[in-house]
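Engineer: Mind looking over this structure? Questions follow.
The values are calculated or read from the model by the stated rules, or taken from the named source; none is laboratory data. This structure is a prediction, so every number in the text was calculated from the model and none was measured. Neighbour counts are summed over all protein chains in view; Cβ atoms, including those assigned to glycine, are modelled from backbone coordinates with ideal geometry.
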Amino acid sequence: NPAIVNPNGQSNRSVIRRTVLRLPKVYQIIADEAYAREAPDSAVSTGYYKQGQRVFVYKTSHGWARISNMQPEEWLELDKLQPVDGKAD
């Protein structure tokens with residue numbers, strides 16, 4: 001397949017970028033209760049979750065799990081969660 005050259009002289013092959021789609025993993029709250037925070041280092045609570053509730057985990061970092069993919073951010077302590085499929089991130 002020949003590359004198509006756009007007006008600025010770049011081929012379409014140099015413009016196309018591969019991205020890996022990371023789907024969220026499903027986790028379950030294993031603690032009696034868990035308070036979500038707006039950031040791992042924040043004391044501001046953004047939500048309350050009970051044992052058995054399921055959440056999507058979009059990212060993990062230093063013992064914390066981001067459970068929102070939009071703003072405002074919501075983070076839970078990772079040790080209060082368990083992956084539903086048995087495999088951690």
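Engineer: Does residue 51 fit the bill of being within 16 Å of residue 24 (Cα to Cα), polar (S, T, N, Q) and out of contact with any Cys (no Cβ under 6 Å at 6 or more places or on another chain)? Let's see the steps before the verdict.
Structural biologist: Numbers: within 16 Å of residue 24 (Cα to Cα): no; polar (S, T, N, Q): yes; out of contact with any Cys (no Cβ under 6 Å at 6 or more places or on another chain): yes.
For residue 51, the condition - within 16 Å of residue 24 (Cα to Cα), polar (S, T, N, Q) and out of contact with any Cys (no Cβ under 6 Å at 6 or more places or on another chain) - is not met.
Engineer: In the range 26-48, how many residues are closer than 15 Å to residue 61 by Cβ and acidic (Asp, Glu)? Walk me through it before giving the result.
Structural biologist: Going residue by residue through the range 26-48, those that are closer than 15 Å to residue 61 by Cβ are 27, 36-42.
Remaining after also requiring acidic (Asp, Glu): 38, 41.
Counting residues in the range 26-48 that are closer than 15 Å to residue 61 by Cβ and acidic (Asp, Glu) gives 2.
Engineer: Something else: Of the residues that sit in the range 25-34 and are of a type outside the set (Val, Ile, Thr) and not in a strand (DSSP E or B), which one is farthest from residue 68 (Cα to Cα)?
Structural biologist: Residues of the range 25-34 of a type outside the set (Val, Ile, Thr): 25, 27-28, 31-34.
Filter once more, so that each one left must be not in a strand (DSSP E or B): 31-32.
Numbers: 31: 19, 32: 21 Å.
Ranking the qualifying residues of the range 25-34, first place goes to 32.
Engineer: If the requirement is being modelled with pLDDT of 95 or more and basic (Lys, Arg), which of these qualifies: 17, 37?
Structural biologist: On the way: 17 fails: modelled with pLDDT of 95 or more.
Matching residue, one of 17, 37: 37.
Engineer: So, in the range 71-89, of the ones that are acidic (Asp, Glu) and not in a loop (DSSP other than H, G, I, E, B), which residue ends up nearest to the chain's Cα centre (by Cα)? Let's see the steps before the verdict.
Structural biologist: Residues of the range 71-89 acidic (Asp, Glu): 73-74, 77, 79, 85, 89.
Still in the list and also not in a loop (DSSP other than H, G, I, E, B): 77, 79.
Details: 77: 13, 79: 16 Å.
Across the range 71-89, the extreme among qualifying residues is 77.
Engineer: May I pose another question? Restricting the first residue to the range 47-59 and requiring it to be free of Cβ contacts under 8 Å to residues at least 24 places away in the same chain, which pairs with a second residue that is in a loop (DSSP other than H, G, I, E, B) meet a Cβ separation below 6 Å and a spacing of at least six or different chains?
Structural biologist: As it stands, the answer is 51/32, since those pairs meet every condition given.
Engineer: In the range 35-70, how many residues are in a loop (DSSP other than H, G, I, E, B) and either over 18 Å from residue 22 (Cα atoms) or of a type in the set (A, V, I, L, M) (or both)? Show your work before the answer.
Structural biologist: The initial filter retains those residues of the range 35-70 that are in a loop (DSSP other than H, G, I, E, B), namely 38-44, 51-53, 58, 62-63, 67-70.
Right, trim to either over 18 Å from residue 22 (Cα atoms) or of a type in the set (A, V, I, L, M) (or both) and you get 38-44, 51-53, 62-63, 67, 70.
Selection size over the range 35-70: 14.
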